[in-house]
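These notes concern the structure reproduced below.
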Amino acid sequence: MTLAPRPWILDVPPYVPGVPGGDEDGSLASNESPLGASPEVGVSIAKAVDNIHRYPDPLATELRAALAAHHGVRPEQILVGNGSDELIMLLAIGYLAQGGQVVCAEPAYRIDEISTQLVGGTVHGVPLVDGVHDLETMAAVEADVAYVVNPHNPTGTTRSRADVERFLRTRRARFAIVDEAYIDFCDDPAEASAIGLLPLGGFAVLRTFSKVYGLAGLRIGYLVAPAEVADVLRRVRTPFSVNALAQAGALAALRDRDHLELVRRHALAAREELTAELRAIGLAPYASQANFVLVPVPDEAAAAEHFARHEVRVRPGTALGMPGHVRISVPSARGMVRLRSAIRTLPR
Ligand SMILES: Cc1ncc(COP(=O)(O)O)c(C=O)c1O
């Protein structure tokens, strides 16, 4: 007798990660921070190393308290996860297993779809309109969970907070997730975020330390949710999924607001320059509020190869549900020099 996976598992297309570049300045496929983490993170992790023979705090109590104070919510409303991807998976297990229904954009952030399908749920994708969430159509779809990614990945586009509020008030889905992985790169993050709407109830906001804080390799993110949802997901998770070094690093990163502001300002300027360079050769990138720009190209594979020849790795759109596009993360200053010459010689 051989053991077979559950019949639907092999039907779920696996996640295709971005390929790192040959060096720091050429890695533009995964929306990581080109300026790295705050120097305080390393100091904090070095101290925490003394205790790695102990299990981590299962609930990341200190970090949770700091996040609760930062967002003006109660600690019971916060759940810290091994990257926000883990939290998306916990939501799927807790609320979507065995027949749950999800409504999301088409294309969606891939993990929202994959997590749903892996637990035997169904995804209803509502096509983007000009690269933007069609919240009005999504609101009319009956579902257990609605995923709104704002700014969206892979397009970088946003809907205003007023639009998100209207969606939250009118949606037929029982619960909504507003994924704000890239919110700090918006022109006005406080204005764009749905966190202030949490008193409406019935939804949660996802955040990550992987982007503006530059901690993608530590794997840490969090959910701000109604306390009863955080409590359910706490029962689903493995108790020690967030390691001690990640907790220490995230706490230091959260405290260093100057570093965050530095990364933010760099990203906004680099995004503007990247967008202008692409427009200057006649391409039409999406209006991005994230730390990347998605652009339609005449030949996706040829464009990705051309960038690679200029020592820049970008993300081919096919893996993101956008064939005929490439997604380019904002680079460092040195990366921008390479990118500029690659864009200016891009075959058209
Ligand atoms: C929209 C969105 N949500 C969540 C994540 C996952 O972030 P994490 O590294 O915290 O798992 C990403 C990562 O690229 C993302 O683009």
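Please treat every number below as a calculation from the coordinates, not as lab data. Keep in mind that what you see is a predicted model, and the values were worked out from it rather than measured. All Cβ positions, glycine included, derive from the backbone under ideal geometry; neighbour counts span all protein chains shown.
Across the stretch 39-255, how large is the tail of the calculated P(r) beyond 30 Å, expressed as a percent of all Cα pairs? Please report the intermediate quantities before stating the final value.
Values: 4575 of 23436 pairs.
That fraction is 20 percent.
Which of the GluC sites (Glu not before Pro) found in the stretch 74-146 are in a DSSP loop and have at most 12 neighbouring Cβ atoms, other than their own, within 10 Å?
GLU142
Karplus couplings for the stretch 148-163 from phi (6.51 cos²θ - 1.76 cosθ + 1.60, θ = phi - 60°), rounded to Hz, Gly and Pro as x?
Each residue of the stretch 148-163 in turn: 10, 9, 9, x, 7, 10, x, 8, x, 7, 10, 10, 5, 4, 4, 5 Hz.
Please compute P(r) over all alpha-carbon pairs of the stretch 226-344, binned at 10 Å starting from zero, and give each bin as a whole-number percent.
12, 32, 22, 22, 11, 0
When 1/r is averaged over all different Cα pairs and the result inverted, which Kirkwood radius in Å belongs to the stretch 17-120?
On the way: mean 1/r = 0.0581 Å⁻¹.
Computed over Cα pairs of the stretch 17-120, the Kirkwood hydrodynamic radius comes out at 17.2 Å.
Per DSSP H run of at least 4 residues, take -39500 (n - 2.57); add these up for the chain, divide by its residues and hand me the 222 nm value, nearest 500 deg cm²/dmol.
Rounded to the nearest 500, the figure is -11500 deg cm²/dmol.
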